[in-house]
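Here's the structure we're looking at; comments come further down.
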């Protein structure tokens with residue numbers, strides 16, 4: 001049974017978005033950084049380039065060669081922290097309204113992300 005956060009009608013607000021640079025703060029890949037390639041809101045996960053690499057056995061097709069392919073798998077968003085563009089360190093995110101628009105800002109430096 002799906003919880004309220006996991007239903008398609010109510011998707012939670014995430015602290016990360018596609019294209020953000022994030023750092024892994026827990027798990028086997030702790031300390032690694034990468035760019036967010038895809039966000040999966042229903043599963044509360046994100047796919048990060050160069051993090052959580054898994055091997056998949058791929059069958060050959062007419063256009064692609066088969067074999068063992070390495071690709072990034074999804075990681076839970078609670079294990080990710082956004083990188084502050086000013087300091088280059090992991091930071092928490094806040095939201096505030098500026099000029100009628102909601103913006104994300106870094107809790108460490110106060111800069112808008």
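Given Cα pairs under 8 Å that are at least 6 residues apart, what percent is the relative contact order of the stretch 4-106?
On the way: 186 pairs, mean separation 22.6, N = 103.
Computed over the stretch 4-106, the figure is 22 percent.
Taking the simple approach of a point 7 Å from Cα along Cα-to-Cβ for both residue 60 and residue 73, what is their distance in nm?
2.7
Most exposed first by the Cβ proxy, i.e. fewest other Cβ within 10 Å, how do 40, 80 rank?
Arranged by neighbour count, lowest to highest, 40, 80 become 40, 80.
Top mean-square fluctuation among 79, 99, 52, Gaussian network model of the chain, C-alpha springs under 10 Å?
Highest fluctuation of the listed residues: 99.
Most mobile of 68, 83, 25 per a Gaussian network model of the chain (Cα springs, under 10 Å)?
In the Gaussian network model the winner is 68.
Using a Gaussian network model of the chain with C-alpha springs under 10 Å, which one of 59, 86, 43 is most mobile by mean-square fluctuation?
Of the options given, 59 has the highest mean-square fluctuation.
Between residue 99 and residue 53, what FRET efficiency comes out of the Förster formula 1/(1 + (r/R0)^6) with R0 = 35 Å and r the beta carbon distance, rounded to 0.05?
Values: r = 41 Å, r/R0 = 1.18.
For R0 = 35 Å, the calculated efficiency reads 0.25.
Taking only the C-alpha atoms, wrap a convex hull around the chain and report its volume per residue in Å³ as a whole number. Please report the intermediate quantities before stating the final value.
Values: hull volume 19.0 nm³, N = 113.
Convex hull of Cα atoms, per residue: 168 Å³.
Can you sort 78, 61 by how many other beta carbons sit within 10 Å, fewest first?
Values: 78 11, 61 8.
In order of increasing Cβ crowding within 10 Å: 61, 78.
Plugging the Kirkwood radius over Cα pairs into Stokes-Einstein for the stretch 12-69, at a temperature of 10 °C and a viscosity of 1.306 mPa s, what D comes out in µm²/s?
Values: Rh = 13.2 Å.
Reported coefficient: 120 µm²/s.
Values in this text are rule-based calculations from the coordinates and carry no lab data. Note that this is a predicted model, so its numbers are computed, not measured. Neighbour counts are summed over all protein chains in view; Cβ atoms, including those assigned to glycine, are modelled from backbone coordinates with ideal geometry.
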